[in-house]
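K.L.:
Submitted below is the structure of interest, expressed as structure tokens.
The values are calculated or read from the model by the stated rules, or taken from the named source; none is laboratory data. Because the structure is a prediction, the values reported are computed rather than measured. Heads up, the Cβs are rebuilt from the backbone with ideal geometry, glycines too, and the neighbour counts pull from every protein chain shown.
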Amino acid sequence: AAKEKGRNQFHIFDPGLDAHRRQRRDQLMQISQALENEEFELYFQPQVRMVDYQVIAFEALIRWNHPDKGMLGPGEFLPAVANSHLEIPLGQWVLKEAIHQMNLWHEADESLAVSINISAPHLMDRSFADYLESYLHSHPDVRPGQITLEVLESTALEDTKRASNVLARCQSLGLQVALDDFGTGFSSLTYLRTLPVDVIKIDQSFVRNMLTDASDRAIVESVIFLAQRFDHPVLAEGVETMEHARALRDMGCNLIQGYGIARPMQAKALLPWLAQWRDQVSRHHSLGKHEQTS
Ligand code: C2E
Ligand code: MG
Ligand code: MG
Ligand code: MG
């Protein structure tokens with residue numbers, strides 16, 4: 001009875017919260033519908049190796065092609081999805097679609113890998129690795145070494161031990177693991193120590209002002225140093241200018257990603273963009289050689 005009364009009071013005294021919940025429920029229904037209607041789309045952003053400026057992978061970034069509101073970024077719908085029943089199905093859609101797109105690029109270039117953002121519940125779910133395993137089993141053409149799972153460093157992993165077991169199983173299937181947005185969470189160093197990680201991604205908030213802000217520069221340098229000590233390749237996000245790229249290369253950063261290389265693009269734009277990028281890189285390269293020999 002006390003419980004009943006409590007529930008009534010909740011309705012009477014907090015209509016705001018109730019409206020909020022109703023709104024979220026409606027939004028989740030729309031998202032579920034959108035998944036059915038195939039309104040979600042993956043954009044791809046290149047990840048470039050610093051030694052020779054070759055593209056080694058593309059990161060998949062989800063968009064919602066909303067019939068009324070136009071193209072929505074993940075910030076506009078992933079928060080509603082978080083901790084809902086849709087989080088796992090949406091994550092599985094991303095995984096399948098990203099691998100499907102990678103297979104299409106492979107008709108042009110077999111070396112290109114894909115990087116996929118994974119949300120925390122997948123890491124709490126032992127069946128995620130089962131799902132991956134059976135997926136890879138039924139798709140023998142997919143090389144697991146060409147799939148990287150990006151794990152947000154800032155998600156509070158409620159059970160680090162379990163997450164690291166799931167990730168270790170993914171690694172034993174051949175996948176790579178990247179620690180995304182490194183430095184923004186509360187337990188960066190703990191995660192670095194406990195999670196099995198291959199690549200560290202320095203968060204763009206440190207990269208953005210590193211040329212003018214001495215503490216941001218110190219953080220970027222320190223993360224690169226740390227990554228080297230752990231033998232992890234390090235990728236800098238949010239690289240918007242050539243000056244950033246040059247400074248990062250001088251600091252020993254291995255990989256870069258950002259608007260300075262390319263904005264996230266539609267899948268169909270990827271191969272034309274790549275051809276143009278390679279052309280540009282090889283022209284620079286031969287120009288450099290020419291300068292050296294003359
Ligand atoms: P993230 O994984 O750290 O991805 C990088 C974000 O920074 C992307 O935003 C990208 O468009 C943006 N970005 C890239 N280069 C630059 C740059 O040079 N300057 C600036 N200002 N921004 C840049 P986006 O696409 O809005 O994604 C935001 C976040 O949403 C992602 O951050 C990721 O955490 C999450 N997300 C995106 N797609 C998925 C997905 O399929 N699944 C899950 N679970 N999360 C996703
Ligand atoms: Mg990411
Ligand atoms: Mg990131
Ligand atoms: Mg981010």
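K.L.:
Examine the stretch 92-113 for a residue that is among the basic types (K, R), away from ligand 4 (no atom under 16 Å from the Cβ), without any contact (Cβ under 8 Å) to a residue 40 or more places away in the chain and farther than 23 Å from P196 by Cβ, and state whether such a residue exists.
P.N.:
Scanning the stretch 92-113, I find at least one residue that is among the basic types (K, R), away from ligand 4 (no atom under 16 Å from the Cβ), without any contact (Cβ under 8 Å) to a residue 40 or more places away in the chain and farther than 23 Å from P196 by Cβ, so the answer is yes.
K.L.:
Ok, one more. Anything in the stretch 32-50 that is hydrophobic (A, V, I, L, M, F, W, C), in a strand (DSSP E or B) and more than 17 Å from I88 (Cα to Cα)? List them, or say none.
P.N.:
Result: F44, V48.
K.L.:
Quick one: would you say P272 is in contact with a strand residue (DSSP E or B) (Cβ under 6 Å, 6 or more places away or on another chain) and either away from ligand 1 (no atom under 14 Å from the Cβ) or polar (S, T, N, Q) (or both)?
P.N.:
For P272, the condition - in contact with a strand residue (DSSP E or B) (Cβ under 6 Å, 6 or more places away or on another chain) and either away from ligand 1 (no atom under 14 Å from the Cβ) or polar (S, T, N, Q) (or both) - is not met.
K.L.:
If you don't mind, another one. In the stretch 153-189, which residues are at positive phi and out of contact with any Asp or Glu (no Cβ under 9 Å at 6 or more places or on another chain)?
P.N.:
G174, the sole residue that qualifies.
K.L.:
Another question, then. Out of the residues in the stretch 51-83 meeting the condition of being surrounded by 20 or more Cβ atoms within 10 Å (Cβ to Cβ) and either part of a loop (DSSP other than H, G, I, E, B) or charged (D, E, K, R) (or both), tell me which one is nearest to ligand 3 (Cβ to nearest atom).
P.N.:
That would be E59.
K.L.:
How about the stretch 127-177: which of its residues are out of contact with any Pro (no Cβ under 8 Å at 6 or more places or on another chain), among the small types (G, A, S) and either modelled with pLDDT under 95 or over 22 Å from A227 (Cα atoms) (or both)?
P.N.:
S127, A129, S134, S138, S154, A156, A163, listed by residue number.
Residue by residue, here is whether (1) among the small types (G, A, S); (2) under 23 Å from E59 (Cα atoms); (3) in contact (Cβ under 8 Å) with a residue 24 or more places away in the chain holds:
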residue	(1), (2), (3)
S188	yes, yes, yes
I200	no, yes, yes
Q204	no, yes, yes
D216	no, no, no
G258	yes, yes, yes
V281	no, yes, yes
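K.L.:
Looking only at the stretch 145-186, count every residue that is away from ligand 3 (no atom under 16 Å from the Cβ), surrounded by 15 or more Cβ atoms within 10 Å (Cβ to Cβ) and among the hydroxyl-bearing types (S, T, Y) and tell me the total.
P.N.:
2
K.L.:
Let me ask you something else. Any chance the stretch 84-93 includes a residue that's surrounded by fewer than 17 Cβ atoms within 10 Å (Cβ to Cβ), at pLDDT below 95, more than 16 Å from the chain's Cα centre (by Cα) and over 20 Å from Q33 (Cβ atoms)?
P.N.:
Scanning the stretch 84-93, I find no residue that is surrounded by fewer than 17 Cβ atoms within 10 Å (Cβ to Cβ), at pLDDT below 95, more than 16 Å from the chain's Cα centre (by Cα) and over 20 Å from Q33 (Cβ atoms), so the answer is no.
K.L.:
Quick check on L211: is it hydrophobic (A, V, I, L, M, F, W, C) and more than 16 Å from ligand 3 (Cβ to nearest atom)?
P.N.:
Judged against the criteria, L211 is a match.
K.L.:
Still on this structure, please answer the following. Among what's in the stretch 237-254 and is within 13 Å of ligand 1 (Cβ to nearest atom) and surrounded by 14 or more Cβ atoms within 10 Å (Cβ to Cβ), pick the residue that is farthest from A218 (Cα to Cα).
P.N.:
Step by step, filter the stretch 237-254, then rank; the result is E240.
K.L.:
How many residues are part of a loop (DSSP other than H, G, I, E, B), at negative phi, under 22 Å from the mean Cα position of the chain (by Cα) and surrounded by fewer than 17 Cβ atoms within 10 Å (Cβ to Cβ) when one looks only at the stretch 207-232?
P.N.:
2
K.L.:
Let me ask another. So R246 passes all but one of these: (1) more than 21 Å from Q45 (Cα to Cα); (2) in a helix (DSSP H, G or I). Which condition number does it fail?
P.N.:
(1)
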